[in-house]
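Written below as C-alpha coordinates is the structure these notes are about.
The values are calculated or read from the model by the stated rules, or taken from the named source; none is laboratory data. Given the structure is predicted, the values throughout are model-derived calculations rather than measurements. As a convention, Cβ positions derive from the backbone with ideal geometry for all residues, glycine included, and neighbour counts pool all protein chains shown. Side chains are part of the model used for accessible areas, which takes the heavy atoms of the whole protein and leaves out ligands, DNA and RNA. Shrake-Rupley method; radii C 1.70, N 1.55, O 1.52, S 1.80 Å.
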Amino acid sequence: MQVPDMMEAKKRTKDNNTEFIYVDPMKNNKYLDKKYYIRTYGCQMNVHDSEEIAGILENLGFVPTEEMEDADLILLNTCAIRENAHDKVFGFLGRCKHIKEKINKDLIICLCGCMAQEKSVVDEIMNNHKYIDLVFGTHNIHELPEYLLNLKGKLDIEVKSNDENVYEIGEEFVRASKYSAWVNIMYGCDKFCTYCIVPYTRGKERSRKSSDILKEVCKLKQLGYKEVTLLGQNVNAYGRDRDDEISFAKLLEETAKTGIERIRFVTSHPWNFTDEMIDIIAKYDNIMPYIHLPLQSGSDKILKLMGRRYTKEEYIELFNKIKDKVKNASITTDIIVGFPGETEEDFEETLDVVNKCKYDGAFTFIFSPRVGTPAASMKDDTPLSVKEDRLHRLNELINKYSNESNSKYLGQKVKVLLTDYSDRDKFKLAGYTETMKLVNVECDESLLGEIVEVTITDTKSFSMDGKVE
Ligand code: SAH
Ligand code: SF4
Ligand code: F3S
(Lines give C-alpha, C1' and ligand atoms only; values in the text may rest on other atoms or scores of the structure.)
(Ligands and ions follow the chains in the order given, each with its own letter.)
Protein backbone atom coordinates (compact mmCIF):
# COMPACT_ATOMS: atom_id res chain seq x y z
CA MET A 1 0.00 0.00 0.00
CA GLN A 2 1.42 3.39 -1.05
CA VAL A 3 -0.61 6.62 -1.10
CA PRO A 4 0.29 9.81 -3.00
CA ASP A 5 1.82 12.83 -1.32
CA MET A 6 1.74 16.23 -3.00
CA MET A 7 4.80 17.54 -1.12
CA GLU A 8 6.80 14.56 -2.33
CA ALA A 9 5.46 15.05 -5.88
CA LYS A 10 6.70 18.63 -5.87
CA LYS A 11 10.32 17.76 -5.09
CA ARG A 12 12.89 18.14 -7.84
CA THR A 13 16.48 17.00 -7.43
CA LYS A 14 19.18 19.06 -9.10
CA ASP A 15 21.62 16.25 -9.80
CA ASN A 16 20.90 13.98 -12.62
CA ASN A 17 20.21 10.44 -11.60
CA THR A 18 17.82 9.28 -14.27
CA GLU A 19 18.36 5.62 -14.86
CA PHE A 20 17.03 3.78 -17.84
CA ILE A 21 15.40 0.59 -16.72
CA TYR A 22 14.54 -1.96 -19.38
CA VAL A 23 11.54 -3.90 -18.10
CA ASP A 24 11.09 -7.53 -19.03
CA PRO A 25 7.59 -8.00 -20.45
CA MET A 26 5.94 -10.40 -18.06
CA LYS A 27 4.03 -13.10 -19.92
CA ASN A 28 1.63 -15.22 -17.93
CA ASN A 29 -1.58 -17.17 -18.51
CA LYS A 30 -3.34 -16.36 -15.27
CA TYR A 31 -6.01 -14.36 -17.10
CA LEU A 32 -6.20 -16.40 -20.31
CA ASP A 33 -9.20 -15.30 -22.41
CA LYS A 34 -10.53 -12.99 -19.70
CA LYS A 35 -11.91 -9.78 -21.15
CA TYR A 36 -10.68 -6.24 -20.46
CA TYR A 37 -12.32 -2.89 -21.08
CA ILE A 38 -10.39 0.40 -20.83
CA ARG A 39 -11.94 3.85 -20.53
CA THR A 40 -9.47 6.70 -21.05
CA TYR A 41 -9.84 10.38 -20.17
CA GLY A 42 -7.34 13.20 -20.67
CA CYS A 43 -4.49 14.02 -22.99
CA GLN A 44 -2.52 12.04 -25.59
CA MET A 45 -0.14 10.94 -22.85
CA ASN A 46 -2.98 9.09 -21.19
CA VAL A 47 -4.21 7.69 -24.50
CA HIS A 48 -0.75 6.31 -25.10
CA ASP A 49 -0.44 4.99 -21.52
CA SER A 50 -3.66 3.06 -22.17
CA GLU A 51 -2.00 1.49 -25.22
CA GLU A 52 0.83 0.38 -22.97
CA ILE A 53 -1.59 -0.93 -20.35
CA ALA A 54 -3.50 -2.86 -23.04
CA GLY A 55 -0.17 -4.45 -24.06
CA ILE A 56 0.52 -5.46 -20.47
CA LEU A 57 -2.98 -6.92 -20.07
CA GLU A 58 -2.73 -8.92 -23.28
CA ASN A 59 0.58 -10.36 -22.07
CA LEU A 60 -1.34 -11.72 -19.08
CA GLY A 61 -3.83 -13.46 -21.36
CA PHE A 62 -6.57 -10.81 -21.45
CA VAL A 63 -8.50 -10.10 -24.67
CA PRO A 64 -10.26 -6.79 -25.41
CA THR A 65 -14.02 -6.21 -25.28
CA GLU A 66 -16.06 -3.18 -26.37
CA GLU A 67 -18.85 -3.93 -23.85
CA MET A 68 -18.13 -3.07 -20.25
CA GLU A 69 -20.92 -5.43 -19.10
CA ASP A 70 -18.94 -8.38 -20.58
CA ALA A 71 -15.64 -7.40 -19.01
CA ASP A 72 -13.71 -9.31 -16.36
CA LEU A 73 -11.52 -6.27 -15.80
CA ILE A 74 -12.50 -2.62 -16.20
CA LEU A 75 -9.72 -0.07 -16.09
CA LEU A 76 -10.30 3.62 -15.82
CA ASN A 77 -7.38 5.84 -16.87
CA THR A 78 -8.16 9.26 -15.44
CA CYS A 79 -7.25 12.93 -15.95
CA ALA A 80 -6.94 15.54 -13.20
CA ILE A 81 -6.45 18.69 -15.24
CA ARG A 82 -9.85 20.19 -14.34
CA GLU A 83 -12.27 19.55 -11.51
CA ASN A 84 -15.19 18.53 -13.77
CA ALA A 85 -13.53 15.18 -14.57
CA HIS A 86 -14.08 14.15 -10.96
CA ASP A 87 -17.86 13.68 -11.23
CA LYS A 88 -17.59 11.87 -14.55
CA VAL A 89 -15.11 9.40 -13.12
CA PHE A 90 -17.08 8.70 -9.96
CA GLY A 91 -20.27 8.40 -12.03
CA PHE A 92 -18.56 5.80 -14.21
CA LEU A 93 -17.28 3.98 -11.13
CA GLY A 94 -20.89 3.78 -9.95
CA ARG A 95 -21.75 1.85 -13.12
CA CYS A 96 -18.78 -0.46 -12.53
CA LYS A 97 -19.96 -1.11 -8.97
CA HIS A 98 -23.42 -1.99 -10.29
CA ILE A 99 -21.92 -4.50 -12.74
CA LYS A 100 -19.86 -6.05 -9.98
CA GLU A 101 -22.89 -6.38 -7.72
CA LYS A 102 -25.41 -7.57 -10.30
CA ILE A 103 -23.57 -9.20 -13.22
CA ASN A 104 -20.08 -10.34 -12.34
CA LYS A 105 -19.02 -10.52 -8.70
CA ASP A 106 -15.45 -11.36 -9.78
CA LEU A 107 -15.11 -8.19 -11.84
CA ILE A 108 -11.72 -6.52 -11.29
CA ILE A 109 -11.99 -2.71 -11.18
CA CYS A 110 -8.81 -0.65 -11.58
CA LEU A 111 -8.29 3.09 -11.48
CA CYS A 112 -5.08 4.73 -12.69
CA GLY A 113 -3.81 7.91 -14.31
CA CYS A 114 -3.50 11.43 -13.00
CA MET A 115 -6.45 11.38 -10.55
CA ALA A 116 -4.81 8.43 -8.80
CA GLN A 117 -1.93 10.80 -7.98
CA GLU A 118 -4.30 13.09 -6.02
CA LYS A 119 -4.45 12.39 -2.30
CA SER A 120 -8.03 13.64 -2.03
CA VAL A 121 -9.15 11.12 -4.66
CA VAL A 122 -7.33 8.23 -3.00
CA ASP A 123 -8.86 9.22 0.38
CA GLU A 124 -12.31 9.28 -1.18
CA ILE A 125 -11.75 5.81 -2.65
CA MET A 126 -10.47 4.40 0.65
CA ASN A 127 -13.50 5.82 2.47
CA ASN A 128 -16.35 5.20 0.04
CA HIS A 129 -15.33 2.97 -2.87
CA LYS A 130 -13.84 -0.18 -1.39
CA TYR A 131 -15.32 -2.26 -4.24
CA ILE A 132 -12.39 -1.04 -6.38
CA ASP A 133 -9.63 -3.64 -6.56
CA LEU A 134 -6.57 -1.66 -7.56
CA VAL A 135 -5.46 1.96 -7.74
CA PHE A 136 -2.06 2.60 -9.30
CA GLY A 137 -0.36 5.78 -10.47
CA THR A 138 1.40 7.23 -13.47
CA HIS A 139 4.84 6.20 -12.19
CA ASN A 140 4.30 2.48 -11.84
CA ILE A 141 2.45 1.26 -14.91
CA HIS A 142 5.32 -1.17 -15.45
CA GLU A 143 4.47 -2.87 -12.13
CA LEU A 144 0.88 -3.61 -13.18
CA PRO A 145 1.56 -7.30 -13.99
CA GLU A 146 2.81 -7.87 -10.45
CA TYR A 147 -0.21 -6.14 -8.92
CA LEU A 148 -2.63 -8.15 -11.04
CA LEU A 149 -0.92 -11.47 -10.37
CA ASN A 150 -1.09 -10.78 -6.62
CA LEU A 151 -4.60 -9.35 -6.22
CA LYS A 152 -5.99 -10.12 -2.78
CA GLY A 153 -9.69 -9.48 -3.33
CA LYS A 154 -9.57 -6.22 -1.42
CA LEU A 155 -8.64 -2.64 -2.29
CA ASP A 156 -4.92 -2.22 -3.04
CA ILE A 157 -3.45 1.28 -3.47
CA GLU A 158 -0.07 1.51 -5.19
CA VAL A 159 0.74 5.12 -6.02
CA LYS A 160 4.25 6.53 -6.06
CA SER A 161 4.52 10.31 -5.83
CA ASN A 162 7.63 10.76 -7.94
CA ASP A 163 10.23 8.78 -9.79
CA GLU A 164 13.67 9.55 -11.12
CA ASN A 165 13.80 6.76 -13.66
CA VAL A 166 12.65 6.06 -17.18
CA TYR A 167 11.12 2.63 -17.72
CA GLU A 168 11.34 1.11 -21.18
CA ILE A 169 8.75 -1.59 -21.76
CA GLY A 170 9.82 -2.30 -25.32
CA GLU A 171 7.28 -3.28 -27.95
CA GLU A 172 4.48 -3.99 -25.53
CA PHE A 173 1.95 -1.50 -26.87
CA VAL A 174 -1.43 -2.36 -28.32
CA ARG A 175 -1.68 0.67 -30.57
CA ALA A 176 -5.12 1.97 -31.50
CA SER A 177 -4.05 2.83 -35.05
CA LYS A 178 -2.05 0.90 -37.62
CA TYR A 179 -1.00 4.06 -39.44
CA SER A 180 -0.36 6.78 -36.89
CA ALA A 181 1.52 6.13 -33.65
CA TRP A 182 2.29 8.00 -30.43
CA VAL A 183 5.91 7.99 -29.30
CA ASN A 184 6.86 9.27 -25.84
CA ILE A 185 10.01 11.34 -25.85
CA MET A 186 9.87 12.52 -22.26
CA TYR A 187 7.87 12.23 -19.09
CA GLY A 188 6.83 14.77 -16.47
CA CYS A 189 7.01 18.54 -16.34
CA ASP A 190 9.14 21.00 -14.35
CA LYS A 191 7.42 24.20 -15.50
CA PHE A 192 4.99 24.45 -12.58
CA CYS A 193 2.58 26.89 -14.26
CA THR A 194 0.67 28.04 -11.18
CA TYR A 195 -2.73 26.66 -12.29
CA CYS A 196 -1.51 23.27 -13.43
CA ILE A 197 -1.52 19.92 -11.67
CA VAL A 198 0.56 18.03 -14.24
CA PRO A 199 3.98 18.57 -12.56
CA TYR A 200 2.48 16.91 -9.47
CA THR A 201 0.73 14.05 -11.24
CA ARG A 202 3.50 13.24 -13.73
CA GLY A 203 6.58 14.19 -11.72
CA LYS A 204 9.94 15.40 -12.80
CA GLU A 205 11.02 15.98 -16.41
CA ARG A 206 12.81 12.87 -17.65
CA SER A 207 13.89 12.44 -21.26
CA ARG A 208 14.07 9.06 -22.92
CA LYS A 209 17.31 8.20 -24.69
CA SER A 210 17.26 9.58 -28.22
CA SER A 211 18.64 6.25 -29.45
CA ASP A 212 15.62 4.43 -27.94
CA ILE A 213 13.22 6.95 -29.47
CA LEU A 214 14.77 6.67 -32.92
CA LYS A 215 14.82 2.89 -32.72
CA GLU A 216 11.10 2.96 -31.94
CA VAL A 217 10.39 5.29 -34.88
CA CYS A 218 12.37 3.06 -37.29
CA LYS A 219 10.51 -0.01 -36.04
CA LEU A 220 7.17 1.74 -36.55
CA LYS A 221 8.19 2.73 -40.06
CA GLN A 222 9.11 -0.88 -40.81
CA LEU A 223 5.70 -1.97 -39.54
CA GLY A 224 4.09 0.35 -42.08
CA TYR A 225 3.27 3.33 -39.87
CA LYS A 226 3.01 6.55 -41.88
CA GLU A 227 3.00 9.00 -38.99
CA VAL A 228 4.50 9.42 -35.54
CA THR A 229 3.59 12.04 -32.95
CA LEU A 230 6.36 12.79 -30.46
CA LEU A 231 4.82 13.24 -27.03
CA GLY A 232 5.81 15.31 -24.02
CA GLN A 233 4.11 17.90 -21.78
CA ASN A 234 6.69 20.36 -22.99
CA VAL A 235 8.69 18.85 -25.84
CA ASN A 236 11.11 21.75 -26.19
CA ALA A 237 12.50 20.80 -22.78
CA TYR A 238 13.62 17.49 -24.29
CA GLY A 239 17.21 16.61 -23.32
CA ARG A 240 17.63 19.52 -20.91
CA ASP A 241 17.59 17.13 -17.94
CA ARG A 242 20.69 15.32 -19.23
CA ASP A 243 24.24 16.25 -20.09
CA ASP A 244 24.58 13.58 -22.76
CA GLU A 245 21.46 14.22 -24.84
CA ILE A 246 20.69 16.14 -28.01
CA SER A 247 18.22 19.05 -28.09
CA PHE A 248 14.61 18.72 -29.22
CA ALA A 249 15.52 20.45 -32.50
CA LYS A 250 18.20 17.80 -33.17
CA LEU A 251 15.84 15.02 -32.15
CA LEU A 252 13.29 16.33 -34.67
CA GLU A 253 15.97 16.38 -37.33
CA GLU A 254 17.11 12.84 -36.56
CA THR A 255 13.49 11.67 -36.62
CA ALA A 256 13.02 13.38 -39.99
CA LYS A 257 16.07 11.54 -41.33
CA THR A 258 14.49 8.15 -40.54
CA GLY A 259 12.33 8.91 -43.57
CA ILE A 260 9.01 8.23 -41.84
CA GLU A 261 6.41 10.08 -43.87
CA ARG A 262 4.88 12.33 -41.24
CA ILE A 263 6.20 13.68 -37.94
CA ARG A 264 4.17 15.66 -35.45
CA PHE A 265 4.85 16.73 -31.88
CA VAL A 266 2.83 17.93 -28.87
CA THR A 267 3.03 20.11 -26.86
CA SER A 268 5.56 22.83 -27.40
CA HIS A 269 5.79 25.66 -24.89
CA PRO A 270 6.30 29.19 -26.26
CA TRP A 271 9.16 29.60 -23.80
CA ASN A 272 12.41 28.25 -25.24
CA PHE A 273 10.90 27.60 -28.69
CA THR A 274 14.28 28.05 -30.38
CA ASP A 275 15.09 29.39 -33.85
CA GLU A 276 16.82 26.08 -34.45
CA MET A 277 13.48 24.30 -33.92
CA ILE A 278 11.73 26.61 -36.36
CA ASP A 279 14.46 26.16 -38.98
CA ILE A 280 14.31 22.38 -38.75
CA ILE A 281 10.51 22.31 -38.95
CA ALA A 282 10.80 24.51 -42.05
CA LYS A 283 13.58 22.42 -43.60
CA TYR A 284 12.10 18.93 -43.60
CA ASP A 285 8.99 18.09 -45.63
CA ASN A 286 8.16 15.19 -43.35
CA ILE A 287 7.88 17.43 -40.28
CA MET A 288 4.28 18.60 -40.47
CA PRO A 289 3.64 22.36 -40.58
CA TYR A 290 1.33 22.23 -37.60
CA ILE A 291 2.14 23.67 -34.20
CA HIS A 292 0.10 23.70 -31.02
CA LEU A 293 1.32 26.79 -29.20
CA PRO A 294 -0.59 27.36 -25.94
CA LEU A 295 -1.15 31.05 -25.19
CA GLN A 296 -3.18 30.69 -21.94
CA SER A 297 -3.67 34.47 -21.65
CA GLY A 298 -2.86 37.63 -23.59
CA SER A 299 -2.37 39.78 -20.50
CA ASP A 300 1.18 40.24 -19.21
CA LYS A 301 -0.14 40.58 -15.67
CA ILE A 302 -1.98 37.23 -15.89
CA LEU A 303 0.88 35.50 -17.74
CA LYS A 304 3.14 36.49 -14.88
CA LEU A 305 0.68 35.21 -12.27
CA MET A 306 0.45 31.98 -14.28
CA GLY A 307 4.25 31.61 -14.31
CA ARG A 308 4.32 31.23 -18.09
CA ARG A 309 7.75 32.89 -18.64
CA TYR A 310 6.79 34.97 -21.72
CA THR A 311 5.03 38.24 -22.41
CA LYS A 312 2.24 38.98 -24.89
CA GLU A 313 4.76 40.69 -27.16
CA GLU A 314 7.24 37.81 -27.04
CA TYR A 315 4.47 35.35 -27.86
CA ILE A 316 3.28 37.33 -30.86
CA GLU A 317 6.84 37.74 -32.07
CA LEU A 318 7.39 33.98 -31.89
CA PHE A 319 4.06 33.34 -33.60
CA ASN A 320 4.98 35.64 -36.49
CA LYS A 321 8.44 34.13 -36.82
CA ILE A 322 6.93 30.64 -37.16
CA LYS A 323 4.39 31.90 -39.72
CA ASP A 324 7.17 33.60 -41.70
CA LYS A 325 9.55 30.68 -41.80
CA VAL A 326 7.28 27.61 -41.96
CA LYS A 327 5.23 27.71 -45.16
CA ASN A 328 1.50 27.27 -44.69
CA ALA A 329 1.95 26.64 -40.98
CA SER A 330 -1.25 26.10 -39.09
CA ILE A 331 -1.17 27.07 -35.43
CA THR A 332 -3.65 26.19 -32.68
CA THR A 333 -3.67 27.17 -29.03
CA ASP A 334 -5.03 26.67 -25.50
CA ILE A 335 -6.57 29.57 -23.58
CA ILE A 336 -7.77 29.82 -19.98
CA VAL A 337 -10.33 32.49 -19.05
CA GLY A 338 -11.20 33.62 -15.55
CA PHE A 339 -7.79 33.07 -13.98
CA PRO A 340 -7.77 34.68 -10.48
CA GLY A 341 -7.53 38.45 -10.85
CA GLU A 342 -8.38 38.53 -14.58
CA THR A 343 -10.19 41.80 -15.29
CA GLU A 344 -12.20 42.73 -18.39
CA GLU A 345 -9.09 44.61 -19.63
CA ASP A 346 -6.92 41.51 -19.15
CA PHE A 347 -9.46 39.44 -21.03
CA GLU A 348 -9.51 41.99 -23.86
CA GLU A 349 -5.73 41.53 -24.17
CA THR A 350 -6.43 37.85 -24.81
CA LEU A 351 -9.01 38.74 -27.48
CA ASP A 352 -6.44 41.08 -28.98
CA VAL A 353 -3.92 38.24 -29.38
CA VAL A 354 -6.62 36.06 -30.95
CA ASN A 355 -7.41 38.88 -33.38
CA LYS A 356 -3.74 39.19 -34.27
CA CYS A 357 -2.94 35.48 -34.53
CA LYS A 358 -6.21 34.35 -36.16
CA TYR A 359 -5.68 30.80 -34.93
CA ASP A 360 -6.62 27.72 -36.92
CA GLY A 361 -8.33 26.47 -33.77
CA ALA A 362 -8.20 26.55 -29.99
CA PHE A 363 -9.11 24.66 -26.85
CA THR A 364 -10.62 27.09 -24.38
CA PHE A 365 -11.27 26.56 -20.69
CA ILE A 366 -12.60 28.30 -17.61
CA PHE A 367 -9.95 28.30 -14.87
CA SER A 368 -10.45 25.37 -12.54
CA PRO A 369 -8.74 25.58 -9.15
CA ARG A 370 -6.68 22.44 -8.48
CA VAL A 371 -5.96 21.68 -4.83
CA GLY A 372 -2.28 22.13 -3.97
CA THR A 373 -1.41 24.37 -6.92
CA PRO A 374 -0.50 28.01 -6.15
CA ALA A 375 -3.36 29.48 -8.21
CA ALA A 376 -5.95 27.58 -6.17
CA SER A 377 -5.25 29.86 -3.21
CA MET A 378 -5.08 33.14 -5.18
CA LYS A 379 -7.89 35.60 -4.53
CA ASP A 380 -10.55 35.10 -7.18
CA ASP A 381 -13.58 37.38 -7.06
CA THR A 382 -14.82 37.16 -10.65
CA PRO A 383 -18.31 35.60 -10.63
CA LEU A 384 -18.76 32.39 -12.63
CA SER A 385 -21.36 34.09 -14.85
CA VAL A 386 -18.73 36.64 -15.94
CA LYS A 387 -16.25 33.86 -16.68
CA GLU A 388 -18.88 31.99 -18.70
CA ASP A 389 -19.61 35.13 -20.66
CA ARG A 390 -15.90 35.56 -21.43
CA LEU A 391 -15.62 31.97 -22.56
CA HIS A 392 -18.60 32.45 -24.85
CA ARG A 393 -17.18 35.62 -26.39
CA LEU A 394 -13.80 33.99 -26.83
CA ASN A 395 -15.30 30.92 -28.50
CA GLU A 396 -17.25 33.07 -30.96
CA LEU A 397 -14.03 34.75 -32.03
CA ILE A 398 -12.08 31.48 -32.19
CA ASN A 399 -14.81 29.90 -34.34
CA LYS A 400 -14.84 32.88 -36.67
CA TYR A 401 -11.13 32.49 -37.37
CA SER A 402 -11.17 28.70 -37.61
CA ASN A 403 -14.02 29.00 -40.12
CA GLU A 404 -12.05 31.56 -42.08
CA SER A 405 -8.92 29.43 -42.10
CA ASN A 406 -10.88 26.33 -43.15
CA SER A 407 -12.76 28.14 -45.90
CA LYS A 408 -9.46 28.99 -47.59
CA TYR A 409 -9.13 25.29 -48.36
CA LEU A 410 -12.25 25.15 -50.55
CA GLY A 411 -11.35 23.80 -53.98
CA GLN A 412 -7.74 23.16 -52.98
CA LYS A 413 -5.85 19.91 -53.31
CA VAL A 414 -4.36 18.67 -50.03
CA LYS A 415 -2.62 15.54 -48.79
CA VAL A 416 -4.62 13.51 -46.30
CA LEU A 417 -3.49 10.44 -44.34
CA LEU A 418 -6.62 8.28 -44.24
CA THR A 419 -6.56 6.68 -40.80
CA ASP A 420 -10.20 5.78 -40.08
CA TYR A 421 -13.73 5.33 -41.34
CA SER A 422 -15.60 8.61 -41.05
CA ASP A 423 -17.76 9.07 -37.93
CA ARG A 424 -20.35 10.96 -39.96
CA ASP A 425 -20.68 8.67 -42.92
CA LYS A 426 -19.66 5.02 -42.86
CA PHE A 427 -19.07 5.11 -46.63
CA LYS A 428 -16.35 7.70 -46.27
CA LEU A 429 -12.84 7.58 -44.86
CA ALA A 430 -11.38 10.25 -42.61
CA GLY A 431 -7.98 11.64 -41.86
CA TYR A 432 -5.90 14.75 -41.35
CA THR A 433 -4.18 17.15 -43.70
CA GLU A 434 -0.56 18.04 -43.11
CA THR A 435 -1.88 21.11 -41.28
CA MET A 436 -4.03 18.91 -38.98
CA LYS A 437 -7.44 19.64 -40.53
CA LEU A 438 -9.92 16.77 -40.29
CA VAL A 439 -11.28 15.75 -43.70
CA ASN A 440 -14.08 13.28 -44.49
CA VAL A 441 -13.20 11.81 -47.84
CA GLU A 442 -15.32 10.16 -50.49
CA CYS A 443 -13.09 7.41 -51.87
CA ASP A 444 -12.50 3.71 -52.16
CA GLU A 445 -11.99 2.02 -48.80
CA SER A 446 -8.88 0.29 -50.11
CA LEU A 447 -7.15 3.66 -49.58
CA LEU A 448 -7.31 3.27 -45.79
CA GLY A 449 -3.81 3.85 -44.41
CA GLU A 450 -2.64 5.77 -47.47
CA ILE A 451 -1.65 9.40 -47.92
CA VAL A 452 -3.82 10.61 -50.81
CA GLU A 453 -4.40 13.82 -52.67
CA VAL A 454 -7.87 15.12 -51.86
CA THR A 455 -9.85 17.97 -53.40
CA ILE A 456 -11.77 19.90 -50.73
CA THR A 457 -15.46 20.20 -51.64
CA ASP A 458 -16.90 21.76 -48.48
CA THR A 459 -15.59 23.32 -45.27
CA LYS A 460 -17.12 23.68 -41.78
CA SER A 461 -15.80 24.94 -38.42
CA PHE A 462 -14.28 21.68 -37.26
CA SER A 463 -13.97 19.56 -40.41
CA MET A 464 -14.00 19.52 -44.19
CA ASP A 465 -15.33 17.26 -46.91
CA GLY A 466 -13.30 16.15 -49.87
CA LYS A 467 -12.97 13.63 -52.63
CA VAL A 468 -10.21 11.73 -54.34
CA GLU A 469 -10.21 12.55 -58.07
N1 SAH B 1 1.68 20.75 -21.33
C2 SAH B 1 0.72 21.48 -22.01
C3 SAH B 1 -0.61 21.58 -21.33
C4 SAH B 1 -1.27 20.38 -20.85
S5 SAH B 1 -2.78 20.69 -20.09
C6 SAH B 1 1.23 22.90 -22.16
O7 SAH B 1 1.96 23.38 -21.35
O8 SAH B 1 0.80 23.52 -23.07
C9 SAH B 1 -3.77 21.26 -21.43
C10 SAH B 1 -4.41 22.58 -21.20
O11 SAH B 1 -5.32 22.52 -20.12
C12 SAH B 1 -3.47 23.68 -20.83
O13 SAH B 1 -2.81 24.22 -21.92
C14 SAH B 1 -4.40 24.69 -20.19
O15 SAH B 1 -4.94 25.57 -21.14
C16 SAH B 1 -5.50 23.83 -19.62
N17 SAH B 1 -5.43 23.79 -18.16
C18 SAH B 1 -4.44 23.29 -17.39
N19 SAH B 1 -4.72 23.48 -16.09
C20 SAH B 1 -5.91 24.10 -16.02
C21 SAH B 1 -6.73 24.56 -14.95
N22 SAH B 1 -6.37 24.45 -13.68
N23 SAH B 1 -7.92 25.16 -15.27
C24 SAH B 1 -8.29 25.31 -16.56
N25 SAH B 1 -7.56 24.88 -17.60
C26 SAH B 1 -6.38 24.28 -17.34
FE1 SF4 C 1 1.16 22.28 -17.00
FE2 SF4 C 1 2.66 24.34 -17.63
FE3 SF4 C 1 3.74 21.90 -17.52
FE4 SF4 C 1 2.06 22.52 -19.47
S5 SF4 C 1 4.06 23.43 -19.11
S6 SF4 C 1 2.04 20.67 -18.25
S7 SF4 C 1 0.61 23.90 -18.46
S8 SF4 C 1 2.90 23.06 -15.80
FE1 F3S D 1 -4.88 15.09 -17.72
FE2 F3S D 1 -2.76 13.99 -16.72
FE3 F3S D 1 -2.86 14.55 -19.26
S4 F3S D 1 -3.96 15.57 -15.79
S5 F3S D 1 -4.15 16.33 -19.33
S6 F3S D 1 -4.13 13.10 -18.24
S7 F3S D 1 -1.06 14.60 -17.98
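For region 174-180, the Karplus equation 6.51 cos²θ - 1.76 cosθ + 1.60, evaluated at θ = phi - 60°, returns couplings of 9, 7, 5, 10, 8, 10, 10 Hz by residue, with Gly and Pro reported as x. Distance from the Cα centroid of region 307-346 to that of region 33-90 is 34 Å (rounded to whole angstrom).
Measuring how big the chain is from its alpha-carbon positions, Rg and Dmax come out at 22.5, 62 Å.
Spatial offset of region 448-464 relative to region 160-181 amounts to 31 Å, using the alpha carbon center of each.
Taking θ as phi - 60° and the Karplus parameters 6.51, -1.76 and 1.60, the scalar couplings of region 285-295 work out to 5, 8, 8, 5, x, 9, 10, 9, 10, x, 8 Hz in sequence order, x denoting glycine and proline. Using a 4.7 Å Cβ-Cβ cutoff, the cysteines of the chain lacking any partner cysteine are C43, C79, C96, C110, C112, C114, C189, C218, C357, C443. Quick note on region 42-172: its Rg to Rh ratio, both from C-alpha atoms and Rh being the Kirkwood radius, is 0.93.
Restricting region 260-326 to GluC sites (Glu not before Pro) that sit in a DSSP loop and have at most 13 other Cβ atoms within 10 Å of their own Cβ leaves nothing. Centre-to-centre, using Cα atoms only, region 384-428 and region 93-128 are separated by 36 Å.
Pairs with C-alpha atoms separated by more than 31 Å, drawn from the list K379/K400; K226/K304; K191/K221; K119/K304; K27/K219, are K379/K400; K226/K304; K191/K221.
Taking amide H atoms as placed 1.01 Å from N in the peptide plane, the amide H of A181 lies under 5 Å from those of E227, V228, T229, each 5 or more residues away in sequence or on another chain. Along region 36-41 the Karplus relation, 6.51 cos²θ - 1.76 cosθ + 1.60 evaluated at θ = phi - 60°, assigns HN-Hα couplings of 10, 9, 10, 10, 10, 10 Hz to successive residues, with x for each Gly and Pro. Once C-alpha pairs closer than 8 Å and six or more residues apart are averaged by separation and normalised to the residue number of the chain, the relative contact order reads 11 percent. With the Kirkwood sum run over all distinct C-alpha pairs, region 413-467 has a hydrodynamic radius of 10.5 Å. Residues M26, M277, ordered by accessible area of protein heavy atoms at a 1.4 angstrom probe radius and largest first, appear as M26, M277.
Loop-located GluC sites (Glu not before Pro) across region 1-106 with a Cβ neighbour count of 14 or fewer within 10 Å are E19, E66, E67, E83, with loop assigned by DSSP. Cα gyration tensor of region 1-88, axes a ≥ b ≥ c as square roots of the eigenvalues: rounded (a/c below 1.5), prolate (a/b > b/c) or oblate? Because a/c hits 1.5 or more and a/b fails to exceed b/c, region 1-88 counts as oblate. Loop-located chymotrypsin sites (Phe, Trp or Tyr not before Pro) across region 419-469 with a Cβ neighbour count of 16 or fewer within 10 Å are F427, F462, with loop assigned by DSSP. With every protein chain in place and a 1.4 angstrom probe, the accessible-area ranking of R175, R202, largest first, reads R175, R202. Applying Stokes-Einstein at 25 °C and 0.890 mPa s to the Kirkwood radius of region 120-256, computed over alpha-carbon pairs, gives a translational diffusion coefficient of 144 µm² s⁻¹. Against the empirical curve 2.2 N^0.38 Å, the C-alpha radius of gyration of region 101-161 lands at a ratio of 1.09. For Q2, the residues 5 or more places off, or on other chains, whose built amide H falls under 5 Å of its own are I157, E158, V159.
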